[in-house]
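Asks: Take this structure, written in structure tokens, and hold onto it; I'll ask about it next.
Quick note: the coordinates plus some simple rules give every number you see, no bench work behind them. Quantities reported herein were computed from a predicted structural model and do not represent experimental measurements. Here Cβ is always computed from backbone atoms with ideal geometry, including for glycine, and neighbour counts include all displayed protein chains.
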Amino acid sequence: MDTLLQQLINGLTLGAVYALVALGYTMVYGIIGLINFAHGEVVMIGTMVAFTVIVALAGSGLPPLLVLSIGLAVAVVVCMALGWSLERVAYRPLRGAPRLTPLITAIGMSMVLQNVAMIIWGRNYITFPPMITKHIYSVGGATFTNVQVAIVSLAALVMMALIYLVHRTRIGMAMRATAQNPHVASLMGVDINRVIAMAFVIGSALGAVAGCMVGSYYEIAHYQMGFMLGLKAFTAAVLGGIGNLAGAMAGGLLLGVIEALGAGYIGQLTGDFLGSHYQDIFAFIVLIIVLMFRPSGLFGEREGDRA
Amino acid sequence: MLEVTGLRVSYGGIQAVRGITFHVNEGEMVALIGANGAGKSSTLRALARLLTPAGGSVRYRGKELVSLPPHRLVGEGIALVPEGRGVFPRMSSLENLRMGAYARNDKPAIQHDLEHVLQLFPRLKERAQQTAGTLSGGEQQMLAIGRALMSKPKLMLLDEPSMGLAPIMVQKIFEVIRKVASEGMTILLVEQNAKLALEVSQRGYVMESGEITVTDESHKLLADPKVRAAYLGE
Ligand SMILES: Nc1ncnc2c1ncn2[C@@H]1O[C@H](COP(=O)(O)OP(=O)(O)OP(=O)(O)O)[C@@H](O)[C@H]1O
Ligand SMILES: [Mg+2]
């Protein structure tokens, strides 16, 4: 019983991170139908930048919370600029090209970013400076930390802000219109190029926040960390129904929980043949099952509902 | 108001519009009729800059439109009601109408125009919160026209508003088109239903395989034996 509760708590934490990253995939997919495989690397760069800033300011005597906030803010700004540049330099020139072309470009960009990160930050694991005094709380036999509380609340806050943006603001309305029918949206006066750029910028900002979260959760970063994280978040987006914002949020949380439960019980299920380090397989089992039986995802519209 | 000279549209190697010249005067309703594939929609899409013409010029109130990006046209006062309506399927009727006013920032006037549109189409008022994708074809056409009106256009380009609709619905929609025209709107009406289009318009152009072959006042075209034979099923 205490394993169950513990794994639910861990799953929720991880799921909040997946959800934020999945939103970046789904926003871009919803508007231009591109799976931006470089998005995981944007998240990784977010973690790296935040680490660098935090390490640089660690000895400055500033209060830790301020240092963390500055790290987060710089990461967000850098990632927004990166997302904007990716769209501008790599994807926009390919608008109207066959679908496979930008997809391959995305994979290429992901490699480019990994290598750039390797050159800047090196091949080794980078460890997070011990900035946060960890508090551990326990309920019903399970424990969680203040870091986990911060991750889940910040994710909830960011997602509410996104929902507000998409449903209550002018640019959000333009984004929804463009996702449903770009030609007609442009007839209404929507500058499609701007909307597409915004989708990349906002998605990258969410990615940066997620990057800071994984960084502070695992207290470690590596130039290849974006690959697995990106793949899992992509799975979460597909699970929720790619192109669907609520789907990405739900898919992220669900995947986090599935993974954590899987990791918690895999030993029992396989008679200790497989250990919890096999937890990564669950995301891909989920991906395969969804693609086989419900490719439109849990919340995905039927094809006919999409404009 | 609108002067089109030598307009050409091609898709890859196929020439869909082969250098057509026509004009629309202020306050006029002009019909552009022709069979399937004649190039009518391609012409409208080129006017609305949804595609870049292969050649020719489109002057609107003395301004060249061919160099403008599509999202700037609405600000010039041009609204296209596209073939197949193009409503935003996952937005409510009301949101669709508000999208029509996206480029405007005169809030009180927008509210006023919204009420006017809902008066023109009482059906939309009943369906205000309904998702546009679930509206009937006729309701979607009303919504598309209403949405175009919400941009407060000076020139409306209508692409087959009667397509796929029951006669009673066609009648309703044309009543509104007539009413809007009588209030001074300039309209370029593309229709396969030639009889209907020629009855409501002042002048007409007949398009055949990418070229304009006949033009005259609408009532004369209605009486023209050749036009009657080719487009009015006689
Ligand atoms: N996107 C496209 N790609 C290639 N060819 C096209 C495209 N759109 C139209 N065409 C071709 O251009 C020609 C003119 O098409 P258009 O849609 O302008 O005709 P239309 O007069 O509007 O016909 P309809 O009355 O059936 O709507 C047709 O031969 C059509 O096949
Ligand atoms: Mg047509």
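Asks: Sort A:Thr235, B:Thr213, A:Thr169 so that the residue with the fewest other Cβ atoms within 10 Å of its own Cβ comes first and the one with the most comes last. Before the final figure, lay out each step's value.
Replies: Numbers: A:Thr235 27, B:Thr213 14, A:Thr169 11.
Ranking A:Thr235, B:Thr213, A:Thr169 by Cβ neighbours within 10 Å, fewest first, gives A:Thr169, B:Thr213, A:Thr235.
Asks: What FRET efficiency do you get for B:Gln119 and A:Asn146 if R0 is 60 Å and r is their Cβ-Cβ distance, rounded to the nearest 0.05? Spell out each step's value before the answer.
Replies: Working: r = 58 Å, r/R0 = 0.97.
The computed FRET efficiency comes out at 0.55.
Asks: For segment A:219-269, compute Rh as the Kirkwood radius over C-alpha pairs and then the Stokes-Einstein diffusion coefficient at 10 °C and 1.306 mPa s; write the answer in µm²/s, rounded to an integer. Can you show the working numbers first?
Replies: Numbers: Rh = 11.9 Å.
Rounded to a whole number, D works out at 133 µm²/s.
Asks: Taking the Cα centre of the protein assembly as shown as the origin and placing charges on Cβ (Lys, Arg +1; Asp, Glu -1), which of B:Thr43, A:Gln148, A:Leu20 is farthest toward the positive end of the dipole?
Replies: Ranked along the dipole, the leading option is B:Thr43.
Asks: So, one more: Normalised by the residues of chain A, what does the relative contact order come to in percent, with Cα pairs under 8 Å and at least six apart? Please list the in-between numbers first.
Replies: Numbers: 502 pairs, mean separation 109.1, N = 307.
Relative CO of chain A lands at 36 percent.
Asks: Where q = 0.11, 0.12 Å⁻¹, what log10 of I(q)/I(0) comes from the Debye formula for chain A, counting one point per Cα?
Replies: Log10 I(q)/I(0), no solvent term: -0.67, -0.80.
Asks: Quick one: which residues, 5 or more positions from A:Leu298 or on another chain, have an amide H under 5 Å from its amide H? H modelled 1.01 Å from N in the peptide plane, none for Pro or chain starts.
Replies: A:Gly240, A:Gly241
Asks: I would also like to ask the following. Once you place label points 7 Å from the Cα toward the Cβ at A:Leu165 and B:Tyr11, how far apart are they in nm?
Replies: Label-label distance for A:Leu165 and B:Tyr11, simple model: 3.7 nm.
Asks: Here is a follow-up. When the Kirkwood radius is taken over all Cα pairs of segment B:7-93, what Stokes-Einstein diffusion coefficient follows at 37 °C and 0.692 mPa s, in µm²/s? Before the final figure, lay out the partial values.
Replies: Details: Rh = 14.3 Å.
In µm²/s, the coefficient rounds to 229.
Asks: May I ask you to sort A:Phe284, A:Phe200, A:Phe299 by Cβ crowding, counting other Cβ atoms within 10 Å and putting the fewest first? Don't jump to the answer; show the numbers that get you there.
Replies: On the way: A:Phe284 12, A:Phe200 28, A:Phe299 18.
With the sparsest Cβ surroundings first, the list reads A:Phe284, A:Phe299, A:Phe200.
Asks: Per residue, what volume in Å³ does the Cα convex hull of segment B:155-203 take up?
Replies: Numbers: hull volume 3.3 nm³, N = 49.
Once divided by residue count, the hull of segment B:155-203 is 67 Å³.
Asks: Using Cα positions and a limit of under 29 Å, work out the lysines in reach of A:Lys232, with same-chain residues fewer than 8 apart set aside.
Replies: Leaving aside lysines fewer than 8 places away in the same chain, those within reach of A:Lys232 are A:Lys134.
Asks: Using +1 on the beta carbon of Lys and Arg, -1 on that of Asp and Glu, and nothing else charged, what's the dipole of segment A:2-293 about the Cα centre, debye to 20? Intermediate results must be reported in sequence, preceding the final value.
Replies: Working: 11 positive and 8 negative charges, 172 e Å.
I would put it at about 820 debye.
Asks: Now for a separate question. For the protein assembly as shown, state the average projected area of the convex hull of the C-alpha atoms over all orientations, rounded to one decimal in nm².
Replies: Numbers: hull surface 120.2 nm².
Average of the hull's projected areas for the protein assembly as shown equals 30.1 nm².
Asks: While we're here: Tally Lys and Arg at +1 and Asp and Glu at -1 over the other residues with C-beta under 12 Å from the C-beta of A:Ile266: what net charge comes out?
Replies: Details: positive: none; negative: A:Glu259, A:Asp272, A:Asp280.
My count for the surroundings of A:Ile266 gives -3.
Asks: Right, next: Between A:Arg123 and A:Ile220, take the C-beta separation as r, use R0 = 22 Å, and let me know the FRET efficiency to the nearest 0.05. Mind dumping the intermediate values first?
Replies: Values: r = 14 Å, r/R0 = 0.63.
Efficiency, rounded to the nearest 0.05: 0.95.
Asks: Then there's this: What is the ratio of the Cα radius of gyration of segment B:75-196 to 2.2 N^0.38 Å, with N the residue count, to two decimals?
Replies: Values: Rg = 13.3 Å, N = 122, 2.2 N^0.38 = 13.7 Å.
That works out to 0.97 for segment B:75-196.
Asks: Next question. If one takes the longest principal axis of the Cα atoms in chain B, at what angle in degrees, from 0 to 90 and to the nearest 10, does the Cα axis of helix B:167-182 lie?
Replies: So the inclination is approximately 90 degrees.
Asks: Next question, about the same structure. Going by average Cβ density within 10 Å per residue, which order do the peptides B:193-202, B:128-137 take, highest to lowest? Mind showing how you got there, number by number?
Replies: On the way: B:193-202: 20.4, B:128-137: 15.9.
Sorting B:193-202, B:128-137 by mean packing, highest first, produces B:193-202, B:128-137.
Asks: Please turn the phi angles of segment A:90-97 into ³J(HN,Hα) values with the Karplus equation 6.51 cos²θ - 1.76 cosθ + 1.60 (θ = phi - 60°), one per residue in order, whole Hz, x for glycine and proline.
Replies: 9, 9, 4, x, 9, 4, x, 6
Asks: Arrange the peptides A:124-131, A:27-34 so that the one whose residues have, on average, the most other Cβ atoms within 10 Å appears first. If you can, show how the numbers build up before the last one.
Replies: Numbers: A:124-131: 13.9, A:27-34: 22.5.
Listed from highest to lowest mean packing, they are A:27-34, A:124-131.
Asks: Under 5 Å between amide hydrogens, which residues at least 5 positions from B:Ala16 or on another chain qualify, with H placed 1.01 Å from N in the peptide plane?
Replies: When sequence neighbours closer than 5 places are left aside, the close amide H contacts are B:Val9, B:Ser10, B:Tyr11.
Asks: Sticking with this structure for a sec: Regarding segment A:1-41, what are the three Cα extents along the principal axes, ordered largest first, in Å?
Replies: Computed over segment A:1-41, the largest-to-smallest principal extents equal 45, 19, 10 Å.
Asks: Can you give me the three principal axis dimensions of segment A:94-151 from its C-alpha atoms, in Å, biggest first?
Replies: Reported extents, whole Å, longest axis first: 55, 29, 16.
Asks: Using every pair of alpha-carbon atoms in segment A:202-307, split the distances into 10 Å bins beginning at 0 and state the percent of pairs per bin, rounded to integers.
Replies: 14, 39, 34, 11, 2
Asks: Next question, about the same structure. Using the Kyte-Doolittle scale, find the helices of chain A whose mean hydropathy is at least -1.0 and whose Cα atoms extend 24 Å or more along the helix's long axis, counting only whole DSSP H runs. Write out the running numbers ahead of the final one.
Replies: Numbers: long enough: A:2-32 (44 Å, 1.24); A:39-58 (28 Å, 1.84); A:64-85 (31 Å, 2.25); A:100-121 (31 Å, 1.59); A:146-168 (32 Å, 1.71); A:192-218 (39 Å, 1.42); A:245-269 (35 Å, 1.43).
Span-like helices in chain A: A:2-32, A:39-58, A:64-85, A:100-121, A:146-168, A:192-218, A:245-269.
Asks: Using the charge dipole of segment A:2-293 (Lys, Arg: +1 at Cβ; Asp, Glu: -1 at Cβ; taken about the Cα centre), state which of A:Leu100, A:Ala73, A:Gly11 has its Cα farthest towards the positive end.
Replies: The residue sitting most towards the positive pole is A:Leu100.
Asks: Still on this structure, I have one more. Among all the aspartates and glutamates, which ones have a C-alpha under 16 Å from B:Lys195's C-alpha, if same-chain residues fewer than 8 places away are not counted?
Replies: B:Asp159, B:Glu160, B:Glu175, B:Asp216, B:Glu217, B:Asp224, B:Glu234
Asks: Amide H neighbours of B:Glu208 under 5 Å, at least 5 residues apart or on other chains, H built in the peptide plane: list them.
Replies: Amide H neighbours of B:Glu208: B:Thr213.
Asks: Using the Cα atoms of chain B, I'd like the radius of gyration and the largest Cα-Cα distance, Dmax, both in angstrom.
Replies: 17.2, 51
Asks: What pairs in B:Lys152/B:Lys226; B:Lys40/B:Lys63; B:Lys63/B:Lys125; B:Lys63/B:Lys152 have C-alpha atoms more than 27 Å from each other? Let's see the in-between values first.
Replies: Details: B:Lys152/B:Lys226 38 Å; B:Lys40/B:Lys63 22 Å; B:Lys63/B:Lys125 37 Å; B:Lys63/B:Lys152 19 Å.
Checking Cα-Cα distances, B:Lys152/B:Lys226; B:Lys63/B:Lys125 exceed 27 Å.
Asks: Next up: With r as the distance between the Cβ atoms of B:Glu3 and B:Glu199 and R0 = 41 Å, compute the FRET efficiency 1/(1 + (r/R0)^6) and round to 0.05. Present the calculation step by step, with values, prior to reporting the outcome.
Replies: Values: r = 25 Å, r/R0 = 0.62.
Calculated transfer efficiency: 0.95.
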